[in-house]
Amino acid sequence: MPGTLTRPELTAADRCDRCGAAAKLRAVLPSGGELLFCGHHARAYEAGLKDVQADLQQDEQQ
């Protein structure tokens with residue numbers, strides 16, 4: 001049986017797509033693309049991301 005694909009944990013090298021700060025949230029879009037956001041931008045865009053049914057993956061080390 002094939003394994004499930006999982007995305008790696010966020011690291012210090014992962015940066016927010018809006019401002020370049022450390023990424024705290026990965027939003028995986030239904031189309032397969034992904035966006036990374038810092039805490040500030042994650043809160044700002046959370047409602048819209050949920051509206052498009054993005055899979056939100058929080059950084060475990062917040």
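The values are calculated or read from the model by the stated rules, or taken from the named source; none is laboratory data. As the structure is a prediction and not an experimental result, all values here were calculated from the model. We place every Cβ from the backbone using ideal geometry, glycine too, and count neighbours over all the protein chains shown. When the accessible area is computed, the model is the full protein with side chains, heavy atoms only, and any ligands, DNA or RNA have been set aside. Shrake-Rupley method; radii C 1.70, N 1.55, O 1.52, S 1.80 Å.
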I need the phi-derived Karplus couplings for the range 13-21: 6.51 cos²θ - 1.76 cosθ + 1.60, θ = phi - 60°, integer Hz, Gly and Pro marked x. 7, 7, 10, 4, 6, 8, 10, x, 6
Which of these, Arg15, Arg26, Arg43, has the largest mean-square fluctuation under a Gaussian network model of the chain (Cα springs below 10 Å)? Arg43
Counting Lys and Arg as +1 and Asp and Glu as -1, what is the net charge of the other residues whose Cβ lies under 14 Å from the Cβ of Glu9? -1
With every protein chain present, what is the per residue accessible area of the chain (1.4 Å probe, Å²)? 73 Å²
For all pairs of alpha-carbon atoms in the chain, what percent lies in each bin of width 5 Å, listed from the first bin to the last filled one? 4, 19, 29, 24, 15, 6, 2, 1, 0
Considering Cα pairs under 8 angstrom that are at least six residues apart, work out the relative contact order of the chain and quote it in whole percent. 31 percent
Quote the FRET efficiency, to the nearest 0.05, computed for Glu34 versus Ala12 with a Förster distance R0 of 22 Å and r equal to the Cβ-Cβ distance. 0.80
Any residue on another chain or 5+ positions along whose placed amide H is under 5 Å from the amide H of Lys24 is listed here as Phe37, Cys38, Gly39
